[in-house]
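Everything below concerns the one structure shown next.
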Amino acid sequence: MSLYRALFASLLVFLPPMANASHFVNDDVAARAQILEQTGAQSPTAEEPFRLIGEVGTALTRGNTETFHLNGQVRLILVPFEGWVSESRGQVLYEESLGQTTANAWAAFQRVDRYLGNRFTIFAAFGIERNVFQGLRRRLSEQLGGTFLLVDRRAADPEERIVDRLRFELGAYAAQESYTLSPTAAPETVLEREGAEIVAARGAATYVHGFRKGTEVGLEVEAIQDFVDPRNVLVNTTVWAAAALIDGLALKISAGHYFDNVPAEPSLKKSDFLVTAGIVVSL
């Protein structure tokens, strides 16, 4: 049964981890940016007005091991007007093992970019998240900032595929958080604070190297420094590799490290490490 579970889990659809900070650093350039730059114009146009990426994964075992796992994500990228791009994202993660809930998280985000050229944008974003196993009852977050495309090398073929891309983001981040005791907390654990107000600076960088269409490796780093509580530092790092199977279908492996210097409760660890693998389908 353990071998079956391992093989089944290896085929789960990839779900970007529910990090402690905003997930918009997960630019996933091969998906999100394809609409934005494939026309070669100074700003995105509505010639290809939308892209939809849907992901779902599940696992079920019964016998010596009883496990139920479900994750899913939907991303919708729209170009409503020339020079404007909207991205909507929703994701969910739930898992039970031996009758006990071991994961329970969901999130929804909205971001709008205004292209001021083919290398620079300004953006605004909003998100809502819940992850009780991180002690997070609810987080409402807002962002304002700009992005700059420092490196953009492409192969001179009909698809104008990406060879190397390096993108930076810098801006302001604010969040209102409310906390709860994690289900894994010891019985004597006391919730020391009900919530927090965060006003911070946020920086992010994304690098992608493409081998062929849909086959790439990448690195994403996001850092948030709170001004209200200087101890509150969040750093999220993700490394991934994707291999195209057919057009619109790829196998992706990702490893992420998520650091929160001031967790919701003292019993929670400051660092989380997660490795996932699965199938990504895009339309």
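The values are calculated or read from the model by the stated rules, or taken from the named source; none is laboratory data. Owing to the predicted nature of the structure, the values given are computational and were not obtained by experimental measurement. Cβ: placed from backbone, ideal geometry, glycine included. Neighbour counts: every protein chain shown.
For segment 71-87, give me each residue that is surrounded by fewer than 17 Cβ atoms within 10 Å (Cβ to Cβ) and under 24 Å from the mean Cα position of the chain (by Cα).
Correct list: V74, L76, P80, W84, S86.
Do the conditions hold for K213, that is, is it touching a helix residue (DSSP H, G or I) at 6+ places or on another chain (Cβ under 9 Å), charged (D, E, K, R) and buried (at least 17 other Cβ atoms within 10 Å of the Cβ)?
Working: touching a helix residue (DSSP H, G or I) at 6+ places or on another chain (Cβ under 9 Å): yes; charged (D, E, K, R): yes; buried (at least 17 other Cβ atoms within 10 Å of the Cβ): yes.
So K213 fits the description; yes.
Which residues, counting only those in segment 97-138, are touching an Asp or Glu at 6+ places or on another chain (Cβ under 6 Å) and on the phi > 0 side of the Ramachandran plot?
L98, G135
Somewhere in segment 120-137, is a residue closer than 30 Å to T65 by Cα, in contact with a Lys or Arg (Cβ under 6 Å, 6 or more places away or on another chain), surrounded by 15 or more Cβ atoms within 10 Å (Cβ to Cβ) and of a type in the set (D, E, K, R)? Give the steps one after another, and end with the answer.
Taking segment 120-137 and keeping what is closer than 30 Å to T65 by Cα, we get 130-137.
Going one step further and asking which of them are in contact with a Lys or Arg (Cβ under 6 Å, 6 or more places away or on another chain), we end up with 130.
Next, only the ones that are surrounded by 15 or more Cβ atoms within 10 Å (Cβ to Cβ) stay: 130.
In the following step, the residues that additionally are of a type in the set (D, E, K, R) were identified as 130.
Yes, segment 120-137 contains at least one residue that is closer than 30 Å to T65 by Cα, in contact with a Lys or Arg (Cβ under 6 Å, 6 or more places away or on another chain), surrounded by 15 or more Cβ atoms within 10 Å (Cβ to Cβ) and of a type in the set (D, E, K, R).
Name the residues in segment 139-168 that are of a type in the set (A, V, I, L, M) and either modelled with pLDDT of 85 or more or out of contact with any strand residue (DSSP E or B) (no Cβ under 9 Å at 6 or more places or on another chain) (or both), would you? Steps first, answer last, please.
Filtering segment 139-168 for residues of a type in the set (A, V, I, L, M) gives 140, 144, 149-151, 155-156, 162-163, 166.
L140, L144, L149, L150, V151, A156, L166, listed by residue number.
For segment 76-87, give me the residue count where each residue is at positive phi and at pLDDT 85 or above. Talk me through it step by step, then tell me what you get.
Pass one, segment 76-87, residues at positive phi: 83.
Restricting the remaining residues to those that are at pLDDT 85 or above gives none.
Of the residues in segment 76-87, 0 are at positive phi and at pLDDT 85 or above.
Any idea which residue in segment 261-277 is surrounded by the fewest Cβ atoms within 10 Å (Cβ to Cβ), counting only those that are of a type in the set (S, T, Y) and within 20 Å of the chain's Cα centre (by Cα)?
Only one residue fits best here, namely S271.
Looking only at residues in segment 214-262 that are part of a strand (DSSP E or B) and of a type in the set (D, E), which one is nearest to R161 (Cα to Cα)?
Of the residues in segment 214-262, the ones part of a strand (DSSP E or B) are 215-226, 233-246, 249-260.
Checking the rest, the ones that are also of a type in the set (D, E) come to 216, 220, 222, 226, 260.
Details: E216: 11, E220: 20, E222: 25, D226: 38, D260: 36 Å.
For segment 214-262, the residue satisfying everything is E216.
Go through segment 212-271 and give me each residue that's among the polar types (S, T, N, Q) and closer than 22 Å to G54 by Cα.
T215, T238, S254
Is there a residue being within 25 Å of F273 (Cα to Cα) and without any contact (Cβ under 8 Å) to a residue 60 or more places away in the chain anywhere in segment 142-165?
There is no residue in segment 142-165 that is within 25 Å of F273 (Cα to Cα) and without any contact (Cβ under 8 Å) to a residue 60 or more places away in the chain.
Between F148, F168, which is assigned to a strand (DSSP E or B) and within 19 Å of T238 (Cα to Cα)? First the steps, then the outcome.
On the way: F148 fails: within 19 Å of T238 (Cα to Cα).
After ruling out the rest, the residue left standing is F168.
Among the listed residues T45, T61, T67, identify the single one that is of a type outside the set (F, W, Y), modelled with pLDDT of 85 or more and over 19 Å from the mean Cα position of the chain (by Cα). Even if it seems obvious, please write down each step before you answer.
Details: T45 fails: modelled with pLDDT of 85 or more; T61 fails: modelled with pLDDT of 85 or more.
Criteria check complete, one pass: T67.
State all residues of segment 166-195 that are hydroxyl-bearing (S, T, Y), touching a helix residue (DSSP H, G or I) at 6+ places or on another chain (Cβ under 9 Å) and surrounded by fewer than 17 Cβ atoms within 10 Å (Cβ to Cβ); if no residue qualifies, say none.
Answer for segment 166-195, where residues must be hydroxyl-bearing (S, T, Y), touching a helix residue (DSSP H, G or I) at 6+ places or on another chain (Cβ under 9 Å) and surrounded by fewer than 17 Cβ atoms within 10 Å (Cβ to Cβ): just T184.
Which one is nearest to D152 (Cα to Cα), of the residues in segment 88-102 that are at pLDDT below 90 and surrounded by fewer than 17 Cβ atoms within 10 Å (Cβ to Cβ)? Quick ask: steps written out before the conclusion?
Initially, segment 88-102 is screened for residues at pLDDT below 90, giving 91-102.
So of that shortlist, the ones also surrounded by fewer than 17 Cβ atoms within 10 Å (Cβ to Cβ) come out as 94, 96-102.
Details: Y94: 38, E96: 43, S97: 45, L98: 49, G99: 49, Q100: 47, T101: 44, T102: 41 Å.
Selected residue: Y94.
What are the residues in segment 114-137 that are more than 11 Å from S178 (Cα to Cα), more than 18 Å from the chain's Cα centre (by Cα) and touching a residue at least 60 places away in the same chain (Cβ under 8 Å), if any?
Passing the criteria: Y115, L116, G117, N118.
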